[in-house]
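The values are calculated or read from the model by the stated rules, or taken from the named source; none is laboratory data. Bear in mind that the values here come from a model prediction, so they are computed numbers and not experimental data. With ideal geometry, Cβ positions are generated from the backbone for all residues, glycine too; neighbour counts draw on all protein chains shown.
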Amino acid sequence: MSEYQEYLDLYVLPWAINIAMALAVFIVGRFVARQLVKLIEKGLSRSKMDQILIDFITSIISTIFLLLVVVASLDQLGVNTTSLIALLGAAGLAVGLALKDSLQNFAAGVMLVIFRPFKDGDYVKIAGTEGIVEKVSIFTTVLRSVDNKELIVPNGEIYHGVIVNYSKRPTRRVDMVFGISYGDDLLKAKRILTEIMEEDERVLKSPELTIAVGALADSSVNFVVRPWVRSSDYWPVLWDTTEKVKLRFDAEGITIPFPQMEVHLQREPAAQA
């Protein structure tokens, strides 16, 4: 009986206490970790941070807290947690090297969500691709092309390249070039262009409209026409103005030249016998 009691006192009871303490640490730690994650999530939500980034940050924090709780529980059982931590670090390094490109896209996605160079609905040019932003996720950005194709661009290529956001500013300048023949009335053509621009209500008064002779080209005198419009009116103004200029020039007898090539043939004198 004494041997049995000694066995209980030396082995069973200490292990039972350690297991009970480990379970208590795990249960209490999980509860505290969940409460902390909820508080962090509320704080991030109040900062008006993107929900994608909030979900990802809270998931990472939750995983870290869970690992800490597991390590603390194992330490309570007497497990050598130093070796375990070293093993986890080595495994994390191996996974990081294997997923280098994915981690690069992840880091770029976080930066895009934080600094927000564009948002959903913006028309952008990124990584050599143009389209309307539909979704910005952690690893990729989804665009919709003007002909309704879905374009998926890795975030790493976006963040390390030039980002052109056509929708960021409320106004844009429409750059157009119209050529007339050298024999046409230059002042008359300029007056027609001015009338077309002044009749269009979409053209803004400020900044001021620019109409000027931009170049004396090989076969034409080129006018630069640069009105300022709202960003949403850019394409309609460009297309409508091009059509109006062609119709008005035709009606007013202004010639729009096109590339031509003159070939001069010279007959050689007949060879003498």
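Of note:
- Options GLY183, GLY156; residue that is closer than 30 Å to ALA127 by Cα and out of contact with any Ser or Thr (no Cβ under 6 Å at 6 or more places or on another chain): GLY156
- For the criterion of being farther than 21 Å from SER167 by Cα, under 36 Å from the mean Cα position of the chain (by Cα) and touching a residue at least 24 places away in the same chain (Cβ under 8 Å), THR210 fails.
- Selection status of VAL164, out of contact with any Ser or Thr (no Cβ under 6 Å at 6 or more places or on another chain) and either closer than 11 Å to GLY109 by Cβ or outside any loop (DSSP other than H, G, I, E, B) (or both): yes
- Tally, over the stretch 215-236, of residues that are part of a strand (DSSP E or B) and under 15 Å from TYR182 (Cβ atoms): 5
- Hey, ALA16 modelled with pLDDT of 85 or more and either in a helix (DSSP H, G or I) or more than 26 Å from ASP75 (Cα to Cα) (or both) or not: no
- Members of the stretch 119-154 that are outside any strand (DSSP E or B), at pLDDT below 90 and surrounded by 12 or more Cβ atoms within 10 Å (Cβ to Cβ): LYS119, SER137, ILE138, PHE139
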